[in-house]
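Heads up, the thing below is written out as structure tokens.
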């Protein structure tokens, strides 16, 4: 293979002078560059550079048919981004702000009716999702809370009501306890972790909802109609929750809402709703925890308000289950323990059985298993329930006794009615204090009645402004309730254990009842109660209109109850003397002439029972030949023994036999038959 010769290089001669400049050396070239760069104006050159490029985009819109024919629509001018990095951010913010303003201007305002319809659909959709799979859609509680923040009042009400229904479906039958740090660090399965997450989110959402209800309920009774309506919805939701899920968390916050509303002196629809919710809670509470908490809060509220509240709040205590379930006696500071409680835990030697070590171990394991089953089934133990009810009873007596000492005119009737109902649960230590307080009330009533008569006689007496603010007390009803309470306390005691307390004489109450028979019979409102539809006398000043509404019992009912306690006592008490029975029987026949038809029939029915039980004692009043007393009968005598009842005769029966009402005539005939049978026997 032949070898190719190398290419020859031609030698170049230096160029002639002036042909083209020669390059200076490197050092001289650097110095020249620096000298020329110092004269450059870089900022001006950068400022003169174009920033926007007019690029035309292809028009991709379809032609539109018009009257003139098919016309191509103009292409949309897209805003180009700025090429400068440090100026682009400001331009973008200005453009975004301009776009937002344009959107706000162009966005149409949705009518309120349309907002309500959309809110209903959204609330129904969320509620159905939560109901289908609560653990999966538990986060929807935040969405419901967000809807409740709407500016539309109707949407707020709908959201609050929807949350109540959702929480009632989600809340389990047990109380959720907060997780400790040790429990948070434990390794658990996926299912347990999912359940814990669900419970914690449920408690958090429920807490926020209860706090929202408490905040809205503060505006109850406000002059602002919108806030008052929202507060009414919040109170209704709280009442619904406290009756549906009283066992769940934050029960105390719900009770604060109810008790705060009950502390107002002017009852309204929200007040009645809260009172009925508490009554329902007391009636359905099995373990007694909720009742104890509610009664404690009510007692503190009463003391804080200085006993200026509506008496219907105090009547809620009559709905407690301990009235029919609790068996021990108590006072405001102690509870009597029965023999079974004192001997509990101690076994008699003779009844002990020999058990081997193996048998004792098996019994111990069996008890532990039974205890776990009870806790799992949430069974209420009788010991725990008795303990709760005992504490509740002490709080009730504390409230009653404080009001008795304070002599609150608005609450005396309710307190006396409550003590009469709780008489079988009052122990002997508390009995004496209550009797003394009842004597003081009756003495005050007699003095007030005498003062009222003197004021009526003096026509020129001036009425003070301070007394007009407090309505006049119904002293007749209070005195009758005092008599009923005193005898109910006596009947509620055990005859054997109460033998030492027989020195407590009740003749003071009997004498007072005997004195009030004639004034009560002349009362035109004897058959009217607090719920009767009755217009007051227009000539009566407002300060004299009685406003002491004591449940639904009329005055005639209270009178018959008190007379039954005095003349027909329990079998365990001592017998009634003949002089007392004769004096009362003569006066009852006299006042029957002044009573209305129904009251007269009821009074003669009581006389039928008296003549059936004490026929031989009162028979001389119907037969002049068997008269035992000498002298004259004094119907206006204030003492029972000084009236000389056996010196009179029952001539009123002849008038009552010609009464226009058939029921009255029939009742009088029954009294005559009872007397004739007693005389024959």
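Restricting the stretch 637-681 to residues that are free of Cβ contacts under 8 Å to residues at least 12 places away in the same chain and closer than 18 Å to residue 583 by Cβ leaves a set whose member that is surrounded by the most Cβ atoms within 10 Å (Cβ to Cβ) is 637. Just one of the numbered conditions (1) closer than 28 Å to residue 431 by Cα; (2) crowded, with 17+ Cβ neighbours inside 10 Å is not true of residue 235: (1). Filtered by the rule that a residue be exposed (fewer than 11 other Cβ atoms within 10 Å of the Cβ) and part of a helix (DSSP H, G or I), the stretch 193-231 gives a lone residue, 225. The listed residues are 366, 329, 361, and the only one of them that is touching a helix residue (DSSP H, G or I) at 6+ places or on another chain (Cβ under 6 Å), at pLDDT 75 or above, more than 28 Å from residue 253 (Cβ to Cβ) and surrounded by 10 or more Cβ atoms within 10 Å (Cβ to Cβ) turns out to be 329.
Screening the candidates 246, 267 for the property of being under 13 Å from the mean Cα position of the chain (by Cα), surrounded by fewer than 22 Cβ atoms within 10 Å (Cβ to Cβ) and either touching a residue at least 24 places away in the same chain (Cβ under 8 Å) or part of a loop (DSSP other than H, G, I, E, B) (or both) yields one hit, 246.
Given the conditions (1) farther than 21 Å from residue 560 by Cβ; (2) surrounded by 15 or more Cβ atoms within 10 Å (Cβ to Cβ); (3) touching a helix residue (DSSP H, G or I) at 6+ places or on another chain (Cβ under 7 Å), which single one is not true for residue 634? Evaluating residue 634 over (1) farther than 21 Å from residue 560 by Cβ; (2) surrounded by 15 or more Cβ atoms within 10 Å (Cβ to Cβ); (3) touching a helix residue (DSSP H, G or I) at 6+ places or on another chain (Cβ under 7 Å) leaves (2) as the failure.
For the stretch 275-306, the tally of residues that are surrounded by fewer than 18 Cβ atoms within 10 Å (Cβ to Cβ) and on the phi > 0 side of the Ramachandran plot stands at 1. Just one of (1) modelled with pLDDT under 90; (2) farther than 19 Å from residue 174 by Cβ fails for residue 236. It is (1).
Among the residues of the stretch 283-304, what is the count of those that are more than 23 Å from residue 175 (Cβ to Cβ) and more than 17 Å from the chain's Cα centre (by Cα)? Walk me through how you get there before you give the answer.
First pass over the stretch 283-304, keeping only residues more than 23 Å from residue 175 (Cβ to Cβ): 299-304.
Restricting the remaining residues to those that are more than 17 Å from the chain's Cα centre (by Cα) gives 303-304.
The number of residues fulfilling the criteria is 2.
Taking the stated definitions as given, is residue 92 over 28 Å from residue 250 (Cα atoms), at pLDDT below 75 and assigned to a helix (DSSP H, G or I)? Even if it seems obvious, please write down each step before you answer.
On the way: over 28 Å from residue 250 (Cα atoms): yes; at pLDDT below 75: yes; assigned to a helix (DSSP H, G or I): yes.
So residue 92 passes the test.
Counting the residues of the stretch 377-429 that are closer than 17 Å to residue 288 by Cα, under 23 Å from the mean Cα position of the chain (by Cα) and not in a helix (DSSP H, G or I) gives 0. Taking the condition crowded, with 17+ Cβ neighbours inside 10 Å and out of contact with any strand residue (DSSP E or B) (no Cβ under 7 Å at 6 or more places or on another chain), does residue 272 pass? Here the answer is no, as residue 272 does not meet what is asked. The residue list 208, 191 contains one member that is under 26 Å from residue 136 (Cβ atoms), modelled with pLDDT of 90 or more and out of contact with any strand residue (DSSP E or B) (no Cβ under 9 Å at 6 or more places or on another chain), which is 208.
Residues checked against (1) more than 30 Å from residue 528 (Cα to Cα); (2) assigned to a helix (DSSP H, G or I):
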residue	(1), (2)
603	no, yes
611	no, yes
616	yes, yes
635	no, no
642	yes, yes
646	yes, yes
653	no, yes
672	yes, yes
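The values are calculated or read from the model by the stated rules, or taken from the named source; none is laboratory data. All figures in this text were calculated on a predicted structure; none of them were measured in a lab. Cβ coordinates were reconstructed from backbone atoms using ideal geometry, including for glycine residues, and neighbour counts include every protein chain displayed.
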